[in-house]
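Undergrad: What follows is a structure written as structure tokens; I'll ask about it next.
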Amino acid sequence: MRYIEPGRPTLVFNTTIAWLTRRGLSMWGSRVLAVRGRKSGEWRTTPVNLLTHEGAEYLVAPRGITQWVRNLRAADGGELRVGKRAQAFTYTEIADADKADILRAYLKRWKWEVGVFFDGVDASSSDEDLLRIAPGYPVFRIETRG
């Protein structure tokens, strides 16, 4: 199971992005993901990059099986927040075999931010390379409610 623990620079960056997003300023598509904790039932939040690709919205976990991924898998959905706006959603997890185009689009958009987590694979990599790493990168298609 792949998981990359955030270092100090990542924590500082995420804190800054979350602070801005909570105040209504989305940076490059940032949202605050809110999901109920799988054990506590309390809301847990983290900044995420919401990818729009071919008319659908996706969340990608560049650091692997994180706590937010585990909580989302245990929940029937969550909320994506920007400022005071909260959009409830459900999700469908994408199969590894279907991730190549989504991972490529994600890397095109945010390689400058998350490229370090992709071990040399980038948007110009072959489908084979993207599919090889796909199991380590959970991807969720977001379906908004209401």
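A short reminder: the numbers here are calculations on the coordinates, not readings from a lab. As the structure is a prediction and not an experimental result, all values here were calculated from the model. Glycine also receives a Cβ, built like all others from the backbone with ideal geometry; neighbour counts cover every protein chain displayed.
Undergrad: What list of ³J(HN,Hα) values in whole Hz, one per residue of segment 88-93 in order, does the Karplus curve 6.51 cos²θ - 1.76 cosθ + 1.60 (θ = phi - 60°) give from phi, with Gly and Pro shown as x?
TA: 6, 8, 10, 8, 10, 7
Undergrad: So, one more: Enumerate the lysines that LYS99 could reach by cross-link, defined here as Cα to Cα under 26 Å, with residues fewer than 8 away along the same chain left out.
TA: LYS108, LYS111
Undergrad: Using amide H atoms built in the peptide plane, which far-off residues or other-chain residues are under 5 Å from HIS53 H to H?
TA: Amide H neighbours of HIS53, under 5 Å, 5+ apart: TYR58.
Undergrad: Moving on to the next point. How large is ³J(HN,Hα) for each residue in segment 50-61, as worked out from phi by the Karplus curve 6.51 cos²θ - 1.76 cosθ + 1.60 (θ = phi - 60°), to whole Hz, x for Gly and Pro?
TA: Ordered by residue, 3J(HN,Hα) equals 8, 9, 9, 9, 6, x, 10, 10, 9, 10, 10, 9 Hz.
Undergrad: P(r) for the chain: what percent of alpha-carbon pairs falls in each 10 Å bin, starting at zero?
TA: Computed distribution, short to long bins: 11, 43, 38, 8, 0.
Undergrad: Shifting gears a bit: Kindly provide the chymotrypsin sites (Phe, Trp or Tyr not before Pro) of segment 16-116 that DSSP labels as loop, not H, G, I, E or B, and whose Cβ sees at most 12 other Cβ atoms within 10 Å.
TA: Numbers: sites: TRP19, TRP28, TRP43, TYR58, TRP68, PHE89, TYR91, TYR106, TRP110, TRP112; in loops: TRP28.
Qualifying residues, ordered by number: TRP28.
Undergrad: Right, something else. In segment 1-84, what GluC sites (Glu not before Pro) fall in a loop by DSSP, with at most 13 other Cβ atoms inside 10 Å?
TA: Values: sites: GLU42, GLU54, GLU57, GLU79; in loops: GLU42, GLU54.
For GluC sites (Glu not before Pro) across segment 1-84 that sit outside H, G, I, E and B with at most 13 neighbouring Cβ atoms in 10 Å, the list reads GLU42, GLU54.
Undergrad: So for the chain, averaging the separation of alpha carbon pairs under 8 Å that are six or more residues apart and normalising by length, what relative contact order in percent results?
TA: On the way: 248 pairs, mean separation 38.9, N = 146.
The value is 27 percent.
Undergrad: Just from its helices, what would the mean residue ellipticity at 222 nm be for the chain, if runs of 4 or more DSSP H residues each count -39500 (n - 2.57) and the sum is divided by every residue, rounded to the nearest 500 deg cm²/dmol?
TA: On the way: 4 runs with 45 residues, N = 146.
Mean residue ellipticity, 222 nm, calculated: -9500 deg cm²/dmol.
Undergrad: Are there trypsin sites (Lys or Arg not before Pro) in segment 51-119 that DSSP puts in a loop and that have at most 10 other Cβ atoms within 10 Å, and which ones?
TA: Numbers: sites: ARG63, ARG70, ARG73, ARG81, LYS84, ARG85, LYS99, ARG104, LYS108, ARG109, LYS111; in loops: ARG63, LYS84, LYS99.
Passing sites in segment 51-119 are LYS84.
Undergrad: Cross-link partners among aspartates and glutamates for LYS39, C-alpha distance below 20 Å, same-chain residues fewer than 8 apart left out?
TA: Hits, sequence-local ones excluded: ASP76, GLU79.
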